[in-house]
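Reviewing the structure listed below.
Every number in this text was worked out from the coordinates using simple rules, so none of it is lab data. Predicted model, so just to flag it, every value in this text is computed and none were measured. We place every Cβ from the backbone using ideal geometry, glycine too, and count neighbours over all the protein chains shown.
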Amino acid sequence: MKSLKDLTVIIVTYNTTQKIILDCLNSISKEVNILIVENSNSFINENLIKTKFPNVNIICTGENLGYGKGNNFGINRVKTDYVLILNPDVVCDNNFFSNILSVIDEAKDFTIIGCQYLSDDVFMPAGFFEKNNNDNFVKDFKSNNIKSITEVEWVTGCSMLINLKKFNNREIFDKNFFLYFEEFDLCKSIKKTSGKIYTSNKLKINHLGFKSSLNEDEIENLKTMNIKDWHFMWSSFYFYKKNYNFFYALFKLSGKLFKSFIKMIYFSVTFQKSNKNKYLFRFLGLFNSMIGNPSNYRGN
């Protein structure tokens, strides 16, 4: 990549609050093309954003496509060979875009480069699918023994740099996912074709995460929680079924189905509504995935 003009940032939004999207956009270099893909009929902050950020284009999908299909929608509409997928609740480090050219040059023949967190996070930003390899990586990561470019097998999807020249078509995410595991599935398919995946400590971000989906409306928050619980379990089973086999997925997750059912009953009889809902929707998401139903739950 010769300059930042060869890069497009894709941000998939869904009724994202003004502060969150402004914080994200303010952290992106003005030299970079930005495409906001709004997963609904209208983007409520469109006039403000277009006035404040002339490097931003906005496209509405007309429906909630989810993470994977929303990013596919955007990728099919960019003209650059490199895209940076950012969640709207991500704020890039001050040095992020001044480092990105040197990172690409160092990685050379890469398919994906993942980012790391500025602050400690409960989730690892990258790793390996095999436990032994992942345990060693976690030890190195926590002791700061990770190089500026380190080859891994997966990276988290909240911020990932993608080399589109490595793909035969631009439908790179599996459209069967709605939420969760899309990036792991993509990384799994890349490793099967010997593609190169890296993480870089020169590309750092702050990630607000789950809290960005919540607001002051308790009913909407409950709906959001139900959707997340349902799809996390649906996507878990689908990921293992697709990338290993049905029986491995069943072995891996049948215990969680049983535990979710027992906890759902327990919290029902003890009148703990929020916990009951949590395990009810986890059970329903996992059960629907096991019997082959699509990821069609939208909280309606």
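Comparing Asn55, Asn39, Asn133 in a Gaussian network model of the chain, where Cα atoms under 10 Å apart are tied by springs, the biggest mean-square fluctuation is seen for Asn133. When the chymotrypsin sites (Phe, Trp or Tyr not before Pro) in segment 105-142 are filtered for DSSP coil states and for at most 13 other beta-carbon atoms within 10 Å of their beta-carbon, the remaining sites are Phe123. Projecting the Cα atoms of Leu280, Phe251, Tyr238 onto the charge dipole of segment 214-290, computed from C-beta unit charges around the Cα centre, puts Phe251 farthest toward the positive end. Here the chain is treated with +1 on each Lys and Arg Cβ and -1 on each Asp and Glu Cβ, and its dipole about the Cα centre works out to around 640 debye. Helix-only arithmetic for the chain: the sum of -39500 (n - 2.57) across DSSP H runs with n ≥ 4, divided by the residue total, places the mean residue ellipticity at 222 nm at -14000 deg cm²/dmol. For the chain, a Gaussian network of Cα nodes joined below 10 Å ranks Pro125, Pro88, Pro54 by mean-square fluctuation, and the top entry is Pro54. Largest GNM mean-square fluctuation across Arg170, Arg77, Arg282, computed for the chain with C-alpha springs under 10 Å, falls on Arg77.
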